[in-house]
Structures are given as C-alpha cells and as structure tokens.
1. Sequence-distant or interchain residues sharing an amide H contact under 5 Å with Gly111, placed H: which?
2. Between Asp56 and Asp116, what is the FRET efficiency for a Förster distance of 30 Å, r being their Cβ-Cβ separation, to the nearest 0.05?
3. Ranked from the most accessible area to the least, with a 1.4 Å probe and all protein chains present, what is the order of Leu119, Leu29?
4. Rounded if a/c is under 1.5, else prolate if a/b is larger than b/c, else oblate: which is region 1-73, with a ≥ b ≥ c the root eigenvalues of its Cα gyration tensor?
5. For the chain, what is the calculated [θ] at 222 nm in deg cm²/dmol (nearest 500), taking -39500 (n - 2.57) for each run of four or more DSSP H residues and dividing by its residue count?
6. Considering amide H positions built from the backbone, and no H for Pro or chain starts, which residues 5 or more places from Ile64, or on another chain, come under 5 Å of its amide H?
7. Along the Cα→Cβ direction, 7 angstrom out, place labels at Ile24 and Arg87. What is the inter-label distance in nm?
8. Which order do the peptides 93-99, 56-62 take when ranked by the mean count of other beta-carbon atoms within 10 Å per residue, highest first?
Amino acid sequence: MGLEGKRILIAKPGLDGHDVGAKIIALALRDAGADVIYTGLRKTPEYIARVAVDEDVDAVGLSILSGSHNELIAQTMQCLKELHGERIKVFVGGTIPPEDHDGLLRAGAAGVFTSDLRLDDVVAAVDRALAA
C-alpha cells in the first residue's frame, strides 16, 4: 500500500467546528505517503471544489459531523462537476448513520468512513479507490 504521488484535500464543509478527526485522517494519509492539503474549518462546497481543482488533487475527503452530509456531498459533487473536476474522487467521513451510507455512495461518494473504522482500513480503502 502506498499513496506516494497522490494529492488529497481534507476539508470541513459547513458550520461544524470540530476538526480533530479530519486532522487525524490527514496525518494518517500523510504518513502513508500522500501529499495532504487541509482547508481548515467552515468551508463552502464551492470553496472546496475550487481548491481541489486548482491544486489538481486526486481525492477530496470531507469530514462532516453536523448531520448535513447528504446536502454537503451533493453540493460538493455539483461544484466539482461545474469546474470539470469529475475525475476527483470524494470520500466522506464523520458522524454518518448507517442508513445514509448507500445514498451517499449513489450520490457519488467513493467511500464512507465512520469513527468505528481503524485508520489503517481507511487508508487502505482510499489507496484501493485511487489505484482503480
């Protein structure tokens, strides 16, 4: 497994002010070899998509704890499409009820991660998705 040469943007969309999980994921991906960019708190889907396209990332990881994951994924995917960033894979993590996972995947998420997963499993899943 190795994410060497991959660029990944970690972002906190919406009004949620808790970013410990996002920082832990960013460090785990960095330790696996990825070049990680962290946007900080309270970014809009438009901002996230613009940074993703401008920085030519391979993936975006959205950390969402506010319960607005369905809306924020849809908006981010739409913004990426408008900026011709459809090739960028989008992952979502955070407080996401199991009954919402399938809907997020249908909306275009390449993976859904919750706090019950081991970091190694998250990194491996991102690696597999980016290798495909």
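The values are calculated or read from the model by the stated rules, or taken from the named source; none is laboratory data. Please read all numbers here as calculations on a predicted model, not as lab measurements. All Cβ positions, glycine included, derive from the backbone under ideal geometry; neighbour counts span all protein chains shown. Remember, those area values only see protein heavy atoms, side chains included, never the ligands or the DNA or RNA. Shrake-Rupley method; radii C 1.70, N 1.55, O 1.52, S 1.80 Å.
1. Those lying under 5 Å, H to H, from Gly111 are Val92.
2. Between Asp56 and Asp116 the formula returns 0.40.
3. Descending order: Leu119, Leu29.
4. oblate
5. Calculated mean residue ellipticity at 222 nm is -13500 deg cm²/dmol.
6. HN-HN under 5 Å from Ile64: Gly93, Gly94, Thr95.
7. Result for the modelled spin labels: 3.4 nm.
8. On the way: 93-99: 15.0, 56-62: 21.6.
The most tightly packed comes first, giving 56-62, 93-99.
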